[in-house]
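**Student:** My questions will all concern the structure given below.
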Amino acid sequence: MKFKVGDAASYSQTISEASIAMFVGAVGDTNPLHVDAEYAKKSRFGGRIAQGILVAGLISTCIGTKLPGVGAVYLGQSLKFLRPTHVGDTITATVTVTAIREDKPILTLQTVCTNQRGERVIEGEATVLYEEPA
């Protein structure tokens, strides 16, 4: 396998109004915390926030396009949501190889999403099957 423990990659994206709208259209999550500014303003967050799973999707992008990249298949993912992501926040998803199975092409990855202030918004662990593209 071409990877080693400690290898890391990142992917960054700014969460926009369009990101949230497309996610709502794709999965139907119309929780007013995400779509209703007046409702969200009165919440503990003081305004609209992005869906946590939308933000966690950036981890999937990093895995599928950066490390291990094309040929990666998710086997599992644990997530802890640590703080909200607001419209306009730039999120960086970073994956780091923490273990490699010797008997199968399976990687364990630490997964972390941070905002533009360097604050962790999500952390977890992924298990990924990796097969070289044909």
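The values are calculated or read from the model by the stated rules, or taken from the named source; none is laboratory data. Bear in mind that the values here come from a model prediction, so they are computed numbers and not experimental data. Positions of Cβ are generated from backbone atoms using ideal geometry, with glycine treated the same way; all protein chains shown enter the neighbour counts. Heavy atoms of the whole protein, side chains included, go into the accessibility calculation; ligands, DNA and RNA do not. Shrake-Rupley method; radii C 1.70, N 1.55, O 1.52, S 1.80 Å.
**Student:** Rounding to the nearest 10 and keeping the result within 0 to 90°, find how far the Cα-based axis of helix 17-27 lies from the longest principal axis of the chain.
**Tutor:** Approximately 70 degrees, to the nearest ten.
**Student:** Where nothing but the Cβ of Lys and Arg (+1) and of Asp and Glu (-1) is charged, how large is the charge dipole of the chain around its Cα centre, in debye to the nearest 20? Present the calculation step by step, with values, prior to reporting the outcome.
**Tutor:** Numbers: 13 positive and 13 negative charges, 72 e Å.
About 340 debye.
**Student:** Answer with a single label: of [x] 17.8; [y] 17.1; [z] 15.6, which was calculated as Kirkwood radius over Cα pairs in Å from the structure in view?
**Tutor:** The calculated read-out lines up with [z].
**Student:** Take the eigenvalues of the Cα gyration tensor for segment 47-88, scale each by 5, and report the square roots as semi-axes in whole Å, largest first.
**Tutor:** On the way: eigenvalues 114, 27, 9 Å².
Largest first, segment 47-88 gives 24, 12, 7 Å.
**Student:** Run the quick spin-label model on A8 and A37: label points 7 Å from Cα toward the beta carbon, then report their separation in nm to one decimal.
**Tutor:** Using points 7 Å along Cα→Cβ, the separation is 3.7 nm.
**Student:** Could you give the length gained on full extension between D29 and R44, defined as 0.36 nm per residue of separation minus the Cα-Cα distance, in nm? Could the numbers behind the result be given before it?
**Tutor:** On the way: separation 15, 0.36 × 15 = 5.40 nm, distance 1.92 nm.
Roughly 3.5 nm would be gained on extension.
**Student:** What whole-number value in Å² describes the accessible area per residue of segment 86-134 for a 1.4 Å probe?
**Tutor:** Values: 2400 Å² over 49 residues.
The answer is 49 Å² per residue.
**Student:** Setting aside same-chain residues fewer than 8 positions from K104, which lysines have a Cα under 28 Å from its Cα?
**Tutor:** In chain and number order, the partners are K2, K4, K66, K80.
**Student:** Same structure again: Take D103 and T65, extend 7 Å from each Cα along the Cα→Cβ direction, and tell me the distance between the two endpoints in nm.
**Tutor:** Those two pseudo-labels are separated by 3.6 nm.
**Student:** While we're looking at this one, here's another question. Given contacts defined as C-alpha pairs under 8 Å and at least six residues apart, what's the relative contact order of segment 30-134, whole-number percent? Mind showing how you got there, number by number?
**Tutor:** Details: 199 pairs, mean separation 27.4, N = 105.
Relative CO of segment 30-134 lands at 26 percent.
**Student:** Nearest 10 degrees is fine. How inclined is helix 52-65 to the longest principal axis of the chain, computing both from alpha carbons?
**Tutor:** Compared with the principal axis, the helix lies near 30 degrees.
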